[in-house]
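Where a number appears in this text, it was derived from the coordinates with a stated rule and is not lab data. Source: prediction; values computed, not measured. Cβ sites come from the backbone with ideal geometry, for glycine too, and all protein chains shown count toward neighbours.
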């Protein structure tokens, strides 16, 4: 097998990334409450050392596809032991409301029709750090999101092989990851059958044309295009077709939103609904926060996306939202990918400026200045904001 | 009463009120409270919380006391072995250090962890300790397994079953007491008897 130098280098980086980062931040310093994870110069900004949670520095988002080793990493328990997901040992079992029970090896799946979808994957808690009052959880800022090409098989093809029975309404996913302590609930999730049978919902074994890295769910993960990443189970080993939503903490308590607005600071109570589709959102990738730019044309650029709808407009404001100017949508245009945008700005005076951006999708949904507060801090999509200094 | 007498009583009252205000302020100043509780509380964080997650997850939270209470209860419900006394200490510490008004970048604690008070007070043993392997199994499970894996077969930390370090007791003790690389110091969390028990159990693996 021929591996290009570039891809070999990337693989080495993927392998080294975690151990390097882990070793740099000694737990002793963290125990003493130092914010050791604030180093933004590396490939990822580490939020939690173990289980490893890290976000992408926003400067990387000037690239349409987010490279694998810079793609944000999030899981509740960390990856399973490598031998549990090695190609020799790994199997996908499909059971529940299906005819018989079925097992698939990776070879079986590779022999089925392959599809590639470019899609944004975003943590439901991306931007949690911006909610006021603050809410508990990993304090993600702007980079728990990425855009990648996912290659795999349609979930409906896998379910079709197993023949779904009458009464099936939900499809449950279980990965091979396990908590350290057995009394902690497993990360068990389900999606409605309608989303499971959508032709764009896939089980991916490749990411950006390379085998799925272990941190991203090797050998197989769910991709529910347009939906938040809590539905995109990694290290997938079991699919169960069932009548109801999954029981258990991660479906019935976590990853839910109140159905009616709650008072900021209140605790979760009353009716709630699972987090599903992403909301319309945009980010400024350049210039960067605190950057000094020279007067003359400055390219303001970034990306925008919206769950299952198309982004039709991105606007930029340089006066705290009093007036907005439309940016130009550029680059590739795919249904679930983000859209890049650009606006040339001609600052004529020196000083400090705040750049804001907001996106609007085809349904007319526009990013609000700040998102509705909710107890878990999900779905932040307030206007993005970057402060720069203009030097003459 | 003379004017001077009034003045003395008046000054005394003002002084007492002032003293009470100062004392109350000191008692309630979150920085003072967290610094006082830190030596024991940080040991607890390592022993009870970092079995499942690194303490940086805690340090980035800024929550009011009721939220900290709910969080500690949730962790106990999920299996964190925290006694009632420890719960009280942890909640007081966490809500004093990581409260909503605390700055994003907190200054590091003065106390180094290795100087922290031991959680279990025990008389200093005379002579060599004899490890009890049966006890060691349980202590390992609650303190070491998170990183070194079930049965000490390795995880994020190295495999310890049949690890050559077991034969070099001085190095083993040095590592456990004072930490090494990414491994934190356990001297403030485990008693010497605990460590001897773990060693005995590991030798039998």
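In this calculation the C-beta distance from residue A:83 to residue B:141 is compared with R0 = 22 Å, giving a FRET efficiency of 0.55.
Both radii come from the Cα set of the range A:107-239: Rg as radius of gyration, Rh as Kirkwood radius; their ratio Rg/Rh reads 0.99. The distance linking the range A:56-124 with the range A:143-193 is 10 Å (Cα centroid to Cα centroid, whole angstrom). Residue by residue along A:46-56, Cβ atoms of other protein chains within 10 Å of the local Cβ number 4 on average. For the protein assembly as shown, the percent of C-alpha pairs falling in each 10 Å distance bin, counted from 0 to the bin holding the largest distance, reads 3, 15, 23, 24, 18, 10, 4, 2, 1, 0, 0.
Restricting to DSSP H runs of at least four residues, report the calculated mean residue ellipticity at 222 nm for chain A, -39500 (n - 2.57) per run over all residues, nearest 500 deg cm²/dmol.
On the way: 6 runs with 46 residues, N = 392.
Value at 222 nm, helices only, nearest 500: -3000 deg cm²/dmol.
Over the whole of B:45-56, what's the average partner chain Cβ count within 10 Å per residue? Rounded to a whole number, please. Spell out each step's value before the answer.
Values: counts 5, 4, 0, 0, 1, 5, 2, 8, 10, 13, 11, 17.
Across B:45-56, the average partner-chain Cβ count within 10 Å equals 6.
What list do you get for B:75, A:278, A:303 if you sort them by fewest beta carbons within 10 Å?
B:75, A:278, A:303
With Rh defined as the Kirkwood radius, the inverse of the mean 1/r over Cα pairs, the Rg/Rh of the range A:252-337 is 1.09.
Taking N as the number of residues in the range A:171-214, what is its Cα Rg relative to 2.2 N^0.38 Å? Display every interim value, and only then the final one.
Values: Rg = 13.9 Å, N = 44, 2.2 N^0.38 = 9.3 Å.
Output field value: 1.50.
Each DSSP beta bridge with both residues in chain A is either parallel or antiparallel, and the antiparallel ones are about 90%. Here r is the Cβ-Cβ distance between residue A:269 and residue A:165 and R0 is 30 Å; the resulting FRET efficiency, rounded to 0.05, is 0.25.
Model label sites at residue B:74 and residue A:389, defined 7 Å from Cα along the beta-carbon direction, differ in position by 4.0 nm.
Highest-first packing order for the peptide set B:82-93, A:78-89 is B:82-93, A:78-89, based on the mean count of other beta carbon atoms within 10 Å. Other protein chain C-beta atoms within 10 Å of residue C-beta, averaged over A:231-238: 0.
Once the convex hull of the C-alpha atoms of the range A:281-391 is built, how many Å³ does it hold per residue, rounded to a whole number? It would help to have the intermediate numbers written out before the result.
Working: hull volume 11.8 nm³, N = 111.
So the per-residue Cα hull volume is 107 Å³.
Extending 7 Å from Cα along the Cβ direction at residue A:116 and again at residue B:89 yields two label points whose distance is 5.8 nm. Sorting the Cα pairs of the range B:133-203 by distance into bins of 10 Å, from 0 upward, gives 21, 64, 14 percent per bin.
Here the peptides A:315-325, A:336-346, A:244-254 are ranked by packing, the mean other Cβ count within 10 Å, and the order with the highest first is A:336-346, A:244-254, A:315-325. By the count of neighbouring beta-carbon atoms within 10 Å, fewest first, A:190, B:95 end up ordered B:95, A:190.
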